[in-house]
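The values are calculated or read from the model by the stated rules, or taken from the named source; none is laboratory data. Computed from a prediction, not measured in an experiment: that's the story for all the values here. Every residue, glycine among them, receives a Cβ derived from its backbone with ideal geometry; neighbour counts consider all protein chains shown.
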């Protein structure tokens with residue numbers, strides 16, 4: 001009988017400490033967690049797999065205090081080996097193709113067949129551009145079961161709404177932050193949230209994805225990580241062992257907002273009226289160090305990220321080494337009414353030291369540095385705008401319109417990419433080491449001056465007359 005056991009088959013993409021890429025089974029991933037640098041795959045896969053591994057870790061043990069967490073932190077590898085023992089103890093519940101209880105699926109689902117690549121977020125479908133898949137809906141290419149397993153996890157975490165009435169997943173259209181250690185074992189521990197009021201969770205792994213559990217305010221962390229926003233059924237294909245052509249798909253559950261707002265991975269803030277909590281948006285063009293004030297610095301209306309709050313407490317209790325360098329991983333997936341799309345994926349690391357969470361003077365210094373860089377950027381755009389006005393007016397009987405000047409400014413400025421690229425190496429060090437503020441401000445000023453010169457030099461001298469003639473001709477035509 002065909003089977004695909006996630007505890008035995010390779011399906012989790014990782015980067016080893018050696019730099020090599022590998023795909024490991026669930027059992028191997030926990031057993032070799034100290035040898036693994038990080039999870040690989042797409043951003044949605046990294047986050048979804050992390051949630052899955054953390055769910056298992058929280059079932060094995062959720063620390064009730066900073067002391068409990070610090071005890072586990074002394075030997076992350078030993079904790080992961082306990083997680084591996086737990087995985088092994090569950091037997092064949094991990095079988096993706098079990099005839100009665102396929103893992104993460106509803107064996108009795110009866111819906112219209114969909115091409116299997118509908119579960120693969122970087123495949124071509126509907127409003128997504130073509131990346132790696134060229135299947136036809138009428139005759140889809142088989143999709144490896146390893147990718148479908150990752151796809152089910154991603155669907156449950158990120159599923160957006162659509163005309164079919166699909167429910168929104170807890171991470172849909174939100175910024176996800178993960179603490180990143182020097183190994184997967186450390187990463188699991190750094191994101192293992194301690195909970196003073198936690199009671200041990202018992203997960204019925206055979207029932208995941210099969211029903212619609214009633215949400216409960218007392219729902220544990222593991223159950224939230226395993227939330228199913230989709231009901232899925234993979235249709236095995238005997239002609240293609242290890243792959244499938246078709247799946248059935250149906251709405252699952254939309255996590256209540258009051259539960260979603262407590263997700264340990266999501267960054268939220270109050271809206272302008274202070275009436276509700278909304279997701280903090282991080283732009284695709286802004287380097288993560290520029291977002292430092294939103295992530296690390298305390299402001300009214302911004303919720304400190306739960307994992308960062310936990311780290312702050314751990315640092316206060318000396319459970320984290322003060323001179324240790326960690327990283328914060330940001331994974332963002334754009335979404336709209338049609339659900340997650342491939343137009344904007346972001347997967348970036350920001351190094352920092354735990355001392356930044358405690359030293360308010362240091363945090364204030366970093367914030368001033370970021371604000372100074374933003375101020376010089378605004379001034380650079382203003383100077384380029386004034387140049388654009390003068391340039392368009394040359395040879396013209398009337399002044400250039402503000403819209404024309406803005407368009408030319410944006411064309412010449414290129415989102416100030418050279419300016420931010422010049423600051424990037426020093427900016428990445430802001431959260432790791434102290435930087436002389438006066439030197440930083442002067443660096444920003446020099447970068448701003450070079451940015452303006454670069455923008456002006458983009459127009460060769462021979463273009464002045466042609467541009468002026470075009471402006472005059474357009475004015476006469478109107």
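Just need a number here: residues in region 159-175 that are farther than 15 Å from residue 251 by Cα, part of a loop (DSSP other than H, G, I, E, B) and at pLDDT 75 or above.
Initial filter on region 159-175 (farther than 15 Å from residue 251 by Cα): 171, 173-175.
Restricting the remaining residues to those that are part of a loop (DSSP other than H, G, I, E, B) gives 171, 173-174.
Okay, now just the ones that are also at pLDDT 75 or above, so 171, 174.
Looking only at that region, the number is 2.
Restricting attention to region 30-45, report how many residues are surrounded by fewer than 19 Cβ atoms within 10 Å (Cβ to Cβ) and either more than 22 Å from the chain's Cα centre (by Cα) or not in a loop (DSSP other than H, G, I, E, B) (or both). Don't jump to the end; show me each part of the working.
Within region 30-45, the first condition is being surrounded by fewer than 19 Cβ atoms within 10 Å (Cβ to Cβ), and the residues that meet it are 34-35, 37, 40.
Still in the running and either more than 22 Å from the chain's Cα centre (by Cα) or not in a loop (DSSP other than H, G, I, E, B) (or both): 34-35, 37.
Of the residues in that region, 3 qualify.
Could you grab me the full set of residues in region 412-435 that are exposed (fewer than 14 other Cβ atoms within 10 Å of the Cβ), at pLDDT 90 or above and more than 25 Å from the chain's Cα centre (by Cα)?
Within region 412-435, just 414 meets the criteria.
Hey, among 440, 454, which residue is modelled with pLDDT of 95 or more, touching a helix residue (DSSP H, G or I) at 6+ places or on another chain (Cβ under 8 Å), surrounded by 12 or more Cβ atoms within 10 Å (Cβ to Cβ) and part of a helix (DSSP H, G or I)? Show your work before the answer.
Values: 454 fails: modelled with pLDDT of 95 or more.
Unique residue meeting the criteria: 440.
In the list 107, 64, which residue meets the criterion of being surrounded by fewer than 23 Cβ atoms within 10 Å (Cβ to Cβ), over 22 Å from residue 153 (Cα atoms), touching a residue at least 60 places away in the same chain (Cβ under 8 Å) and out of contact with any helix residue (DSSP H, G or I) (no Cβ under 6 Å at 6 or more places or on another chain)? Spell out the reasoning first.
On the way: 107 fails: over 22 Å from residue 153 (Cα atoms).
Matching residue, one of 107, 64: 64.
When you look at residue 26, is it closer than 21 Å to residue 328 by Cβ and in contact with a helix residue (DSSP H, G or I) (Cβ under 9 Å, 6 or more places away or on another chain), yes or no?
Answer is no for this residue.
Scanning for something at pLDDT 85 or above and under 26 Å from residue 282 (Cα atoms), does region 139-151 turn up at least one residue? Before you say what the answer is, go through the steps one by one.
Just the residues of region 139-151 that are at pLDDT 85 or above, to begin with: 142-151.
Now drop any that are not under 26 Å from residue 282 (Cα atoms), which leaves 150-151.
Yes; the residues of region 139-151 include at least one that is at pLDDT 85 or above and under 26 Å from residue 282 (Cα atoms).
Exactly one of (1) outside any helix (DSSP H, G or I); (2) at pLDDT 90 or above is unmet by residue 349. Its number?
So residue 349 meets the others, but not (2).
When you go through 27, 54, 49 one by one, which is the residue that is more than 18 Å from the chain's Cα centre (by Cα) and part of a helix (DSSP H, G or I)? Walk me through it before giving the result.
On the way: 54 fails: more than 18 Å from the chain's Cα centre (by Cα); 49 fails: more than 18 Å from the chain's Cα centre (by Cα).
One residue alone meets the criteria, 27.
Being more than 24 Å from the chain's Cα centre (by Cα), assigned to a helix (DSSP H, G or I) and touching a residue at least 40 places away in the same chain (Cβ under 8 Å): is that true of residue 9 here? Give the derivation first.
Details: more than 24 Å from the chain's Cα centre (by Cα): yes; assigned to a helix (DSSP H, G or I): no; touching a residue at least 40 places away in the same chain (Cβ under 8 Å): yes.
In short, no.
Considering only region 230-261, how many residues are outside any strand (DSSP E or B) and either over 28 Å from the mean Cα position of the chain (by Cα) or buried (at least 17 other Cβ atoms within 10 Å of the Cβ) (or both)?
Taking region 230-261 first, the residues outside any strand (DSSP E or B) are 236-242, 245, 252-261.
Okay, now just the ones that are also either over 28 Å from the mean Cα position of the chain (by Cα) or buried (at least 17 other Cβ atoms within 10 Å of the Cβ) (or both), so 236-242, 245, 252-255, 260.
Total meeting the criteria: 13.
In region 272-287, how many residues are farther than 21 Å from residue 347 by Cβ, out of contact with any helix residue (DSSP H, G or I) (no Cβ under 9 Å at 6 or more places or on another chain) and either at pLDDT 75 or above or surrounded by 13 or more Cβ atoms within 10 Å (Cβ to Cβ) (or both)? Outline the logic, then answer.
Step one: of region 272-287, the residues farther than 21 Å from residue 347 by Cβ are 272-278.
Remaining after also requiring out of contact with any helix residue (DSSP H, G or I) (no Cβ under 9 Å at 6 or more places or on another chain): 272-275, 278.
Filter again for either at pLDDT 75 or above or surrounded by 13 or more Cβ atoms within 10 Å (Cβ to Cβ) (or both), leaving 273, 278.
Within region 272-287, residues that are farther than 21 Å from residue 347 by Cβ, out of contact with any helix residue (DSSP H, G or I) (no Cβ under 9 Å at 6 or more places or on another chain) and either at pLDDT 75 or above or surrounded by 13 or more Cβ atoms within 10 Å (Cβ to Cβ) (or both) number 2.
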